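**Student:** This is the structure, below, for whatever I ask next.
The values are calculated or read from the model by the stated rules, or taken from the named source; none is laboratory data. Not measured: the values here are computed from a predicted model. Here Cβ is always computed from backbone atoms with ideal geometry, including for glycine, and neighbour counts include all displayed protein chains. To get the accessible areas, we keep the full protein, side chains included, count just its heavy atoms, and leave off ligands, DNA and RNA. Shrake-Rupley method; radii C 1.70, N 1.55, O 1.52, S 1.80 Å.
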Amino acid sequence: MMMFGPENLRQNVLLRDYVTFKIGGPAELFYEATTSEGLVAAVAYAKARGLPCFVMGGGSNLVVSDAGIDGLVIHNASRDYSLVDQQAHQITISAGYDLGELVKMAYGNSLTGVESLTGIPGSVGGAIYGNAGAYGRSIADILIDAEVLMPDGQILQVDNAFFKFDYRTSRLKQDNIIVLKARFQLEPGIREEIHAKMADIMTQRHSKHPDRSIGCAGSFFKNLPPLPGENRRRAAGAVLEQVGAKKMSVGGASVYQKHANFIINQGKATAADVKKLAQLLKAKVMNDFGIELSEEVLYIGR
Ligand SMILES: Cc1cc2nc3c(=O)[nH]c(=O)nc-3n(C[C@H](O)[C@H](O)[C@H](O)COP(=O)(O)OP(=O)(O)OC[C@H]3O[C@@H](n4cnc5c(N)ncnc54)[C@H](O)[C@@H]3O)c2cc1C
C-alpha cells in the first residue's frame, strides 16, 4: 500500500486524462491517493506549504481550464475500506470508490436502494459533494453518516444532517470538507429485481447520453425550480431545446443532438470553447425566456 511522500508527487500532469470531458491543462503538482491516509497526508502537505489544493474524484463534473491549475491536485482513488453488514443492510466504503462499484456491491449482496443511481459516473465522494441523483433518488436518501476531513485537519464522524443536502448540492460546496468514508443504509431486496431495474436504467441512459468515448460532464446546467403549483423541476434541457441549442457550437464544443443540456467535446474542444458556448446558451435563454441558467458543472483552474 503506497503511503504519501513528496517523492510521489508528479509535476505538470495533464488533467484531461483524468476528467470525463477530456479537456484541461496541467496540474502543477498531482498526487494519486489510493488510501484515506495518503489523501489526508497530501492535504496536510499542501496546507503546510501554503499550496492551493483541490481534491477530485472521477472528474465527471469538471471543466478544467486550458491553462491548468496551480498547486496540488489530489486524485482520490482510495479504495482501502469496504464493509458489507448483511445484518444491518449497510455498506461502508472509501470515498474514492466509483459510485458504480457501490451499486454493484449492493446488487451483489441483494441489497436494494441505490440502483436508481446506476450509470452515474464518478466517485462516492463526488456524489456526496453534489448530492448526485437520478430517477427520483439521490445519494442523500441512503447516506447514514461519513468520516470527513475538516479544514482544520480534524477527522470527524458526521451524520447525514451535517451535509445540508438539497437538490444537487450539499454544504461541501461552501466549506472545504473532504469525505473519506461513507456508510449507506440499504434494504434487503430480490437480486433479479435489482438487476432488472439496473438494466432498464442503463438502457434509458444509453438512449439519451453520449457514449463514454465522447467527452462531456453530464448535464451542464442545473434543472430549474418547479413552476408555481407544480412540484417537478423543469428540465433545463427542454428550455435549451426551445432556443435552438442543438444547432449551436463553438470550436470543438457542441450541444449534444440527443440532449440539449449536454455539451460535448467533439475531439479537439478547449475549455475556452466550452465556456464560450455555455455563455452563448445562457444569453439565449435569458434573452428568449428571461431565465437565468446556472452551471451544474464546476469550472476549475487558472
Ligand atoms: C455521462 C454523464 C452522466 C451524468 N449523469 C448524472 C446524473 O444522472 N445525476 C447526477 O447527479 N450527476 C450526473 N453526472 C455528473 C457527475 O457524474 C456527478 O456530479 C458525480 O457525482 C461527480 O463525481 P466525481 O467523483 O466525478 O466528482 P469530480 O468531478 O471529480 O468533482 C466534483 C466536485 O466534487 C468534489 N469532490 C470529489 N470527491 C470529493 C470528496 N471525497 N470529498 C469532498 N468533495 C469531493 C470535488 O472537489 C469537486 O468540487 C453525469 C456525468 C456524466 C459525464
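**Student:** Could you tell me which numbered condition Ala127 fails, if it satisfies all but one of (1) near the ligand (Cβ under 10 Å from one of its atoms); (2) at negative phi; (3) open to solvent by 10 Å² or more (accessible area, probe 1.4 Å)?
**Tutor:** Just one mismatch for Ala127, condition (3).
**Student:** Going through segment 159-188 one residue at a time, which ones are part of a strand (DSSP E or B) and β-branched (Val, Ile, Thr)?
**Tutor:** Once the filter is applied, which keeps residues that are part of a strand (DSSP E or B) and β-branched (Val, Ile, Thr), segment 159-188 yields Thr169, Ile178, Val179.
**Student:** Restricting the first residue to segment 173-186 and requiring it to be near the ligand (Cβ under 9 Å from one of its atoms), which pairs with a second residue that is charged (D, E, K, R) meet a Cβ separation below 7 Å and a spacing of at least six or different chains?
**Tutor:** Going by the 7 Å Cβ cut-off, the qualifying pairs are Leu180/Glu147.
**Student:** Here is a follow-up. Within segment 116-158, work out how many residues are under 30 Å from Asp200 (Cβ atoms) and outside any loop (DSSP other than H, G, I, E, B).
**Tutor:** 19
**Student:** If you don't mind, another one. When segment 206-253 is examined, which residues are found to be assigned to a helix (DSSP H, G or I) and either without any contact (Cβ under 8 Å) to a residue 12 or more places away in the chain or more than 17 Å from Lys282 (Cβ to Cβ) (or both)?
**Tutor:** Hits for segment 206-253 are His206, Ser207, Lys208, Lys247.
**Student:** Looking at this structure, is Gly58 within 16 Å of the ligand (Cβ to nearest atom), surrounded by 20 or more Cβ atoms within 10 Å (Cβ to Cβ), part of a loop (DSSP other than H, G, I, E, B) and in the same structural domain as Gly133 (by TED's automatic domain parsing)?
**Tutor:** So Gly58 does not fit the description; no.
**Student:** What number of residues within segment 16-46 satisfy the criterion of being crowded, with 16+ Cβ neighbours inside 10 Å and touching a residue at least 60 places away in the same chain (Cβ under 8 Å)?
**Tutor:** Qualifying residue count for the region: 13.
**Student:** For segment 61-74, name all the residues that are assigned to a strand (DSSP E or B) and open to solvent by 30 Å² or more (accessible area, probe 1.4 Å).
**Tutor:** Residue satisfying the conditions is Asp70 alone.
**Student:** Take Arg79 and tell me if it is basic (Lys, Arg) and away from the ligand (no atom under 16 Å from the Cβ).
**Tutor:** Answer is no for this residue.
**Student:** Another one. Considering segment 84-122 alone, what residues qualify as being within 20 Å of Asp211 (Cα to Cα), near the ligand (Cβ under 8 Å from one of its atoms) and open to solvent by less than 10 Å² (accessible area, probe 1.4 Å)?
**Tutor:** Residues satisfying the conditions are Leu99, Leu117.
**Student:** Quick check on this structure: which one of Ala260, Ala269, Ala278 is more than 22 Å from Gly119 (Cβ to Cβ), within 16 Å of the ligand (Cβ to nearest atom) and assigned to a loop (DSSP other than H, G, I, E, B)?
**Tutor:** That would be Ala269, the only listed residue that is more than 22 Å from Gly119 (Cβ to Cβ), within 16 Å of the ligand (Cβ to nearest atom) and assigned to a loop (DSSP other than H, G, I, E, B).
**Student:** Any residue at all in segment 189-199 that is open to solvent by less than 70 Å² (accessible area, probe 1.4 Å) and within 16 Å of the ligand (Cβ to nearest atom)?
**Tutor:** Among the residues of segment 189-199, at least one is open to solvent by less than 70 Å² (accessible area, probe 1.4 Å) and within 16 Å of the ligand (Cβ to nearest atom), which makes the answer yes.
**Student:** Given (1) surrounded by 14 or more Cβ atoms within 10 Å (Cβ to Cβ); (2) touching a residue at least 40 places away in the same chain (Cβ under 8 Å); (3) within 30 Å of Leu281 (Cβ to Cβ), identify the lone condition not met by Thr169.
**Tutor:** Looking at each condition in turn, Thr169 falls short on (2).
**Student:** Checking the structure you have, find out if any residue of segment 222-235 is in the same structural domain as Glu296 (by TED's automatic domain parsing), touching a His at 6+ places or on another chain (Cβ under 8 Å) and within 14 Å of the ligand (Cβ to nearest atom).
**Tutor:** Checking segment 222-235: not a single residue is in the same structural domain as Glu296 (by TED's automatic domain parsing), touching a His at 6+ places or on another chain (Cβ under 8 Å) and within 14 Å of the ligand (Cβ to nearest atom).
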